[in-house]
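Participant: Sending over a structure as structure tokens; questions will come in a sec.
Just so it is clear, none of the values below were taken in a lab; they were calculated from the coordinates. This is a predicted model, so every value here is computed, not measured. Glycine gets a Cβ as well: all are built from the backbone with ideal geometry, and neighbour counts include every protein chain shown.
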Amino acid sequence: MDSEAEPPETENPPKRHKCSACYKQYKKKEHLIEHMKISYHSLHQPRCGVCQKHCKSFESLREHLTGPLPKGLCATIFSQQGCQLCLSIFDSAVSLREHLETCRLSSPAPMGTDAMPYISSQIDDLDSYDENGAGGRPRAIAMDCEMVGGGSDGTLEICARVCLVDEDENLIFHTYVQPIIPVTNYRYDITGLTEENLRNAMPLKEVQKNVLQILYNGESTGKVLDGGKARLLVGHDLEHDFDCLKLNYPKHLLRDTAKYRPLMKTNLVSHSLKYLTRTYLGYDIQSGAHDPYEDCISVMRLYKRIRGQIHKEEGYGTLTSNNNIGKSDCWESEKVSNLTPDELYAMSRSDYRCWCLDLRPNLAP
């Protein structure tokens, strides 16, 4: 009788190549390299406080922690020790409670439409007003505009109200704007504005002059490019505001919560300011008519919260539109195929400028 056949030897499972940032695995090394070339992983990306997985946005991190299919251990720890607003994880329930007292903010008192039509208490003192922050870094100004409708169907955007606040939430400029064409829809449910509010409003050219005077802070355009005293401008969908104001401002000085990658949806579509405020600051805005002062403060708080993140920088950089040249060349080198996943990660750079860098001096475009 034949002896029982021995079971065939099991082959070693194929080696998987795992990304050190998002933990995706690939059968071939070249596939991992291609992933690293287009993923732009860096220490500035939102990361899980438990497993340290990198995510493209705070929304994808939130899904990782609390979504329909959350990561098991991470979700369990986060449910007990995590902040639902900033997504940080703390070592104890006591630490979490203490954190929540400062993380969850209260809604600012809206200005309404009965406020003074024109406030500009700081314009004459720009040279002495908050020229630079600590270490010579540029200070920030938040701006919000309200639009009414023009044209036969009321769809043309006309700037009707402008508001600016500083980093300390002080109102430094507010005015109603004289319409440049007849208003056919005041959009009262949204703006709260009527014909009376705009009757003796400031002409658009004067509004433009005052806004630029505040933002440039006495600097010439040439000095702005070298990082002078000009302000960072914070807002939500600033391109829309500038279109209606018929103004331009250097892109490297713009901080737009509608366009900042970590605050966008996973498909890179913008969230509303109302959603961002409720999700990351813990209170509601725009429950009735939109108030530009309330929106300015909320967008400034969002910016400061994101700016206040602590990211290590040793060995890692951040791309801008001006220094992306040549990055692809380093990935084409034959030596790349011999690098470990950790070494590939060390080569990777973010494709957006993290706002945490604004706290460092000598801002450059």
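Participant: What is the spin-label model distance, in nm, from residue 97 to residue 275 if the labels are put 7 Å beyond Cα along the C-beta direction?
Facilitator: 3.4
Participant: Right, another one. R0 = 25 Å: FRET efficiency of residue 26 with residue 265, Cβ-based, nearest 0.05?
Facilitator: Working from the Cβ atoms, E equals 0.45.
Participant: In terms of the Cα gyration tensor, with a ≥ b ≥ c the square roots of its eigenvalues, is segment 156-295 rounded because a/c is under 1.5, prolate because a/b exceeds b/c, or oblate?
Facilitator: Verdict is oblate for segment 156-295.
Participant: Expected output is a single nm value to one decimal: the length gained when fully extending between residue 189 and residue 310, i.e. 0.36 nm times separation in residues minus the C-alpha distance. What is it?
Facilitator: Result for the pair: 39.5 nm of gain on full extension.
Participant: Additional query: Label point 7 Å out from residue 206 along Cα-to-Cβ: which residues of segment 162-178 have amide N under 19 Å?
Facilitator: Only 162-164, 172-178 pass the distance filter.
Participant: Related question: Using a Förster radius of 51 Å, what is the FRET efficiency between residue 51 and residue 180 based on their Cβ-Cβ separation? Nearest 0.05, please.
Facilitator: It comes out at approximately 0.40.
Participant: So who's got an amide H within less than 5 Å of the one on residue 254, skipping anything under 5 residues away but keeping other chains? H placed 1.01 Å off N, in plane.
Facilitator: Here the answer is 233, since their amide H atoms fall under 5 Å of that of residue 254.
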